[in-house]
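Data first, discussion second: the structure below is written as structure tokens.
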Amino acid sequence: MTYSLRLLTPSRRIPAIHQLQQDINIAWPHASLIPEAPARHPWEQILVRLRTIGDLGLVCRVPLTGEPRAIARRQKLIQDMQQGRPLSAVRWLQRYMDKSLYLYEIHPTEEVQVLHGWETLLSLRLALWEQVRGIFHTRDEGFTNPAGDLILWEYPPSATGTVPAAVYHAGRFRSFSLNLASPAQRNAFLKGKKPPAKP
């Protein structure tokens, strides 16, 4: 799987490009969104361009229902989720996928390594979320719930830092701050338990 920033949503709404443009220009005024086929509606792909630098990435709007190819893509996403932990998150994500209609996927280019490149793409993913809501997936990090809390672990063993996380128990998410470098907190999270407050 190539690296990408993902947003999965049950919304049928098509994000308006002009609104996305306004949202990311608040922080990144030199970023431009260019539909690959301007005459096509609804849009399918958008180039993210940074003035003087070039293209930072490509945004793809991918249906997850209808055609066999879309259904196969949904099944592949479910299979990828099944490799993660905790199991309570896997089960919740499988139910969420049953109602997910679209995948918004941002594919970075090599130019994303320039100053503020990643920040620009992350701002765009947040702008997409503001219009359609949903859950995030980032390779080598994991899946989130609708609140943006990490619920499925994909971090490497060397991961450090603190992230907002949650475990699903008794029909609801229980949120907390997860110390990625703490073996005790990590092991509790992988078992679907709220970790102790200290490492």
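Cβ-Cβ under 9 Å, sequence separation 6+ or interchain: first residue in segment 1-24 and free of Cβ contacts under 8 Å to residues at least 12 places away in the same chain, partner among the small types (Gly, Ala, Ser) and not in a loop (DSSP other than H, G, I, E, B). Which pairs?
Sorted first by the residue in segment 1-24, then by its partner, the pairs are 22/127.
Tell me which of these residue 144 doesn't satisfy, since it passes every other one: (1) within 24 Å of residue 80 (Cβ to Cβ); (2) of a type outside the set (Lys, Arg); (3) surrounded by fewer than 20 Cβ atoms within 10 Å (Cβ to Cβ); (4) free of Cβ contacts under 8 Å to residues at least 24 places away in the same chain.
Condition (3) is where residue 144 drops out.
Can you name every residue in segment 140-174 that is assigned to a strand (DSSP E or B) and aromatic (Phe, Trp, Tyr)?
Within segment 140-174, 143, 153, 168, 173 meet the criteria.
Being of a type in the set (Val, Ile, Thr), out of contact with any Gly (no Cβ under 7 Å at 6 or more places or on another chain) and either under 14 Å from residue 5 (Cβ atoms) or surrounded by fewer than 18 Cβ atoms within 10 Å (Cβ to Cβ) (or both) is true for just one of 62, 112. Which residue is that?
62
Which count do you get for residues in segment 180-194 that are out of contact with any Leu (no Cβ under 8 Å at 6 or more places or on another chain), within 19 Å of residue 147 (Cβ to Cβ) and either among the hydrophobic types (A, V, I, L, M, F, W, C) or assigned to a helix (DSSP H, G or I) (or both)?
Total satisfying the criteria: 1.
Quick one: which residue in 128, 115 is modelled with pLDDT of 95 or more and not in a strand (DSSP E or B)?
That would be 128, the only listed residue that is modelled with pLDDT of 95 or more and not in a strand (DSSP E or B).
Regarding segment 85-99, can at least one residue be identified that is small (Gly, Ala, Ser) and in contact with a helix residue (DSSP H, G or I) (Cβ under 7 Å, 6 or more places away or on another chain)?
No, every residue in segment 85-99 fails to be small (Gly, Ala, Ser) and in contact with a helix residue (DSSP H, G or I) (Cβ under 7 Å, 6 or more places away or on another chain).
For residue 177, only one of the following conditions fails: (1) in a helix (DSSP H, G or I); (2) among the small types (Gly, Ala, Ser); (3) modelled with pLDDT of 95 or more. What is its number?
(1)
Exactly one condition in (1) surrounded by fewer than 16 Cβ atoms within 10 Å (Cβ to Cβ); (2) touching an Asp or Glu at 6+ places or on another chain (Cβ under 8 Å); (3) modelled with pLDDT of 90 or more; (4) under 16 Å from residue 105 (Cβ atoms) is false for residue 27; which is it?
Here residue 27 meets the rest and fails (4).
Given the conditions (1) of a type outside the set (Ser, Thr, Tyr); (2) in a helix (DSSP H, G or I); (3) out of contact with any strand residue (DSSP E or B) (no Cβ under 7 Å at 6 or more places or on another chain), report the number of the one that residue 121 does not fulfil.
It fails just one condition, (3).
The values are calculated or read from the model by the stated rules, or taken from the named source; none is laboratory data. Computed from a prediction, not measured in an experiment: that's the story for all the values here. Cβ coordinates were reconstructed from backbone atoms using ideal geometry, including for glycine residues, and neighbour counts include every protein chain displayed.
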